[in-house]
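Visitor: I am attaching a structure below and will ask some questions about it afterwards.
The values are calculated or read from the model by the stated rules, or taken from the named source; none is laboratory data. Fair warning: this is a prediction, and the values are worked out from it, not measured in the lab. Using ideal geometry, Cβ is built from the backbone for each residue, glycine included, and neighbour counts are taken over all protein chains shown.
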Amino acid sequence: MRMKKKRHGTERIALLSQLVASEPAKVAENPSEYYGNNNPLRVEIGCGKGDFIRGKSVQEPEYNYLAIEKISDVCTVATEKYASSRGLGKMAPNGGWMKPDGTIYSLGGDCVDFSDCDRGNVRFSVGDASALLVDFPDNSVDAIYINFCDPWGKKGYAKRRLTHIGFLDMYSRILKDGGKLHFKTDNRELFDFSLEQVEMSRLDLKYKTYDLHESDMNDVNIETEYERNFSAKGFKINMLIAENKK
Ligand SMILES: C[S@@+](CC[C@H](N)C(=O)[O-])C[C@H]1O[C@@H](n2cnc3c(N)ncnc32)[C@H](O)[C@@H]1O
């Protein structure tokens, strides 16, 4: 995702550190410490500005969600949008954070204090999922969502695609038996490649469509920012769901 460098992005996300998991594997090891409950954990890889995870957390609130994004400034925006969507305040005129009661937290100062209930069921992590997920315990995740990831179209780059068998094997290890991978893309070549990789993996293909918005799944679909942009340009959206079999 392209984004102009944010002013004070690092300090801004530090203010909201109660919504951020700096060691995401620990979230998977001990969810109750982070969410105050042991609801099943779902992970989004490459959350961008967080439209999907915000929608999903409301649509299915009986789960906990961890949104991973490798670009720090993008994750800052996602975290701020999530906090605002929960009525926890907004960016203050001084660049810090302003709570709804008017309390201002300045950049570089104490982090904003939210109650367990205010924090809700989403946490954000900055980093490359390929490095972060390696430390997740086996069988710790209920579902993984990948929406509009980089296609890495050039020859020789296949191993970088988030649906390459190398990644699918890691997803299979951390997913519970019956856990699911949900994948959406506008890119037909990447989608066909992903179907082949799923075929080779321990995941069972349960659903696929080459036109999500005309499918029976559209009613429950949560559009992402990229999805809106691509479909406005006339691209059809492909989606697959694959189930883990241990
Ligand atoms: C094309 S954007 C899509 C954003 C969002 N999912 C959407 O559909 O609107 C892909 C996002 O994934 C992030 N990303 C790509 N590879 C990643 C990785 N290995 N780990 C974490 N984030 C990643 C990028 O930084 C970018 O923000």
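Per-residue answers, yes or no, for (1) among the hydrophobic types (A, V, I, L, M, F, W, C); (2) away from the ligand (no atom under 14 Å from the Cβ):
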| position | (1), (2) |
| --- | --- |
| SER194 | no, yes |
| SER201 | no, yes |
| LEU205 | yes, yes |
| HIS213 | no, yes |
| ASP219 | no, yes |
| GLU223 | no, no |
| PHE235 | yes, no |
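Visitor: Can you tell me how many residues within the stretch 121-151 are farther than 22 Å from ASP73 by Cα and either among the hydrophobic types (A, V, I, L, M, F, W, C) or touching a helix residue (DSSP H, G or I) at 6+ places or on another chain (Cβ under 9 Å) (or both)?
Guide: Within the stretch 121-151, residues that are farther than 22 Å from ASP73 by Cα and either among the hydrophobic types (A, V, I, L, M, F, W, C) or touching a helix residue (DSSP H, G or I) at 6+ places or on another chain (Cβ under 9 Å) (or both) number 10.
Visitor: If you go through the stretch 147-180, how many residues are touching an Asp or Glu at 6+ places or on another chain (Cβ under 8 Å), within 15 Å of the ligand (Cβ to nearest atom) and closer than 18 Å to ALA28 by Cα?
Guide: 1
Visitor: Name the residue that is surrounded by the most Cβ atoms within 10 Å (Cβ to Cβ), counting only residues in the stretch 111-134 that are more than 14 Å from the ligand (Cβ to nearest atom) and in a helix (DSSP H, G or I).
Guide: ARG119
Visitor: Enumerate the helices (runs of 4 or more DSSP H) found wholly within the stretch 159-239, keeping only those where 3 or more residues are surrounded by 15 or more Cβ atoms within 10 Å (Cβ to Cβ) and under 18 Å from the mean Cα position of the chain (by Cα).
Guide: 165-174, 225-232
Visitor: Test ASP101 against the stated conditions and say whether it is within 12 Å of the ligand (Cβ to nearest atom) and either within 21 Å of LEU181 (Cβ to Cβ) or at pLDDT 95 or above (or both).
Guide: When the stated conditions are applied, ASP101 does not pass them.
Visitor: Do the conditions hold for LEU66, that is, is it closer than 18 Å to PHE183 by Cβ, in contact with a strand residue (DSSP E or B) (Cβ under 7 Å, 6 or more places away or on another chain) and modelled with pLDDT of 95 or more?
Guide: yes
Visitor: Could you list, in sequence order, the residues of the stretch 24-73 that are over 17 Å from ASN221 (Cα atoms), assigned to a helix (DSSP H, G or I) and either within 8 Å of the ligand (Cβ to nearest atom) or aromatic (Phe, Trp, Tyr) (or both)?
Guide: Across the stretch 24-73, the qualifying residues are TYR34, TYR35.
Visitor: Scan ALA129, ALA143 and give me the residue that is closer than 27 Å to VAL20 by Cα and touching a His at 6+ places or on another chain (Cβ under 9 Å).
Guide: Exactly one of ALA129, ALA143 is closer than 27 Å to VAL20 by Cα and touching a His at 6+ places or on another chain (Cβ under 9 Å), namely ALA143.
Visitor: Scan the stretch 8-30 and report the pairs whose first residue is within 16 Å of ALA67 (Cβ to Cβ) and whose second residue is among the hydroxyl-bearing types (Ser, Thr, Tyr) and in a helix (DSSP H, G or I), with Cβ atoms within less than 6 Å and a gap of 6+ or a chain change.
Guide: Sorted first by the residue in the stretch 8-30, then by its partner, the pairs are ILE13/THR76; ILE13/THR79; LEU16/THR79; LEU19/THR79; VAL27/TYR34.
Visitor: Follow-up question, since we're still on this one. Starting from the stretch 137-156, take each residue that is over 20 Å from LYS70 (Cα atoms) and list its partners that are hydrophobic (A, V, I, L, M, F, W, C) and surrounded by fewer than 18 Cβ atoms within 10 Å (Cβ to Cβ), counting only C-beta distances under 8 angstrom and pairs at least six apart or across chains.
Guide: PRO137/ALA25
Visitor: If you don't mind, there's one more thing I want to ask. Out of curiosity, is ALA83 modelled with pLDDT of 95 or more and within 12 Å of the ligand (Cβ to nearest atom)?
Guide: no
Visitor: Is it true that some residue in the stretch 86-107 is under 30 Å from PHE230 (Cβ atoms), assigned to a helix (DSSP H, G or I) and touching a residue at least 12 places away in the same chain (Cβ under 8 Å)?
Guide: Scanning the stretch 86-107, I find no residue that is under 30 Å from PHE230 (Cβ atoms), assigned to a helix (DSSP H, G or I) and touching a residue at least 12 places away in the same chain (Cβ under 8 Å), so the answer is no.
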